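Data first, discussion second: the structure below is written as structure tokens.
The values are calculated or read from the model by the stated rules, or taken from the named source; none is laboratory data. Everything numeric in this text was worked out from a predicted model, so none of it was measured. Quick reminder, even Gly has a Cβ in these numbers, built from the backbone with ideal geometry, and neighbours come from all protein chains shown. With ligands, DNA and RNA removed, areas are computed over all heavy atoms of the protein, side chains included. Shrake-Rupley method; radii C 1.70, N 1.55, O 1.52, S 1.80 Å.
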Amino acid sequence: MPQTHVIRVEFEASDSRAFDDVVIHYDDGMRDELGQRLEADHYQIKFHQRANGAITWDDLISPDFINASKISFLQRLHAVQQQFAPGGLGHRLFLYSPWTVDSHDELAEVFSQQDGRIRLRDLVANRPDRGKSVVRRCASTWGFPPTPNWKLSCGPCAWSRGRH
């Protein structure tokens, strides 16, 4: 029988306000794609009434996307990343949605179709044709300057698409 390394699965985890829908905890033998120790995977499940929508950068930086009044999806992602993986390792964060990334949006330029990750190099790169990097524009929207640690926010984040 193959070993899964799973030691506990939580639904609506109580120690976090986001990425708490499903949390899978692993034993010391679990490794991520880079061979680093993996403690847990955190899933945020975003249900939509319509299946024909697509997610944009504006959605990720707008509180309306997650039915919030002040905090956006990316701000929640950053808070959870700082809580569980301030160095960017040990915990992965997943958004699960029936929607995909809008192919006409700037988000599509940094989104990997291979594994659903946000490509950090593209995310933080300054673009001669557009000026500021996506990270700098998001930070400007929220009124704070990006820092090296802020760049790690999307490092352990990936996208999964499917039906609920």
Q.
Restricting to region 95-108, give me the number of residues that are touching a residue at least 24 places away in the same chain (Cβ under 8 Å) and assigned to a helix (DSSP H, G or I).
A. 2
Q: Search region 5-21 for residues that are under 10 Å from Tyr43 (Cα atoms) and pair each with any residue that is open to solvent by 100 Å² or more (accessible area, probe 1.4 Å) when their beta-carbon atoms are under 9 Å apart and the residues are at least 6 apart or on different chains.
A: Asp20/Phe11; Asp20/Glu12; Asp20/Ser14; Asp21/Phe11; Asp21/Glu12
Q.
I'd like the full set of residues that are in contact (Cβ under 8 Å) with a residue 60 or more places away in the chain, open to solvent by less than 50 Å² (accessible area, probe 1.4 Å) and of a type in the set (A, V, I, L, M), limited to region 61-89.
A. Ile61, Leu74, Leu77, Val80, Ala85
Q | Looking only at region 15-30, and only at residues there that are open to solvent by 20 Å² or more (accessible area, probe 1.4 Å) and not in a loop (DSSP other than H, G, I, E, B), the one that is farthest from Lys70 (Cα to Cα) | A | Tyr26
(Q) Please go through region 101-114 and give me each residue that is open to solvent by less than 50 Å² (accessible area, probe 1.4 Å) and polar (S, T, N, Q), ordered by number. (A) Ser112
Q: Return only the number of the condition from (1) open to solvent by less than 30 Å² (accessible area, probe 1.4 Å); (2) modelled with pLDDT under 90; (3) among the small types (Gly, Ala, Ser) that Gly35 does not satisfy.
A: (1)
Q. Any chance region 93-101 includes a residue that's more than 20 Å from Asp20 (Cβ to Cβ), modelled with pLDDT under 85 and hydroxyl-bearing (Ser, Thr, Tyr)?
A. yes
Q: With respect to Glu12, determine if the residue is loosely packed, with under 12 Cβ neighbours inside 10 Å, among the charged types (D, E, K, R) and farther than 22 Å from Val110 by Cα.
A: yes
Q: Scan region 41-58 and give yes if some residue there is open to solvent by 20 Å² or more (accessible area, probe 1.4 Å), in a strand (DSSP E or B), of a type in the set (Phe, Trp, Tyr) and closer than 19 Å to Leu107 by Cβ, otherwise no.
A: no
Q.
Let me spell it out: the conditions are (1) open to solvent by 70 Å² or more (accessible area, probe 1.4 Å); (2) assigned to a strand (DSSP E or B); (3) of a type in the set (Lys, Arg), and Arg92 meets all of them except one. Which number is the exception?
A. (1)
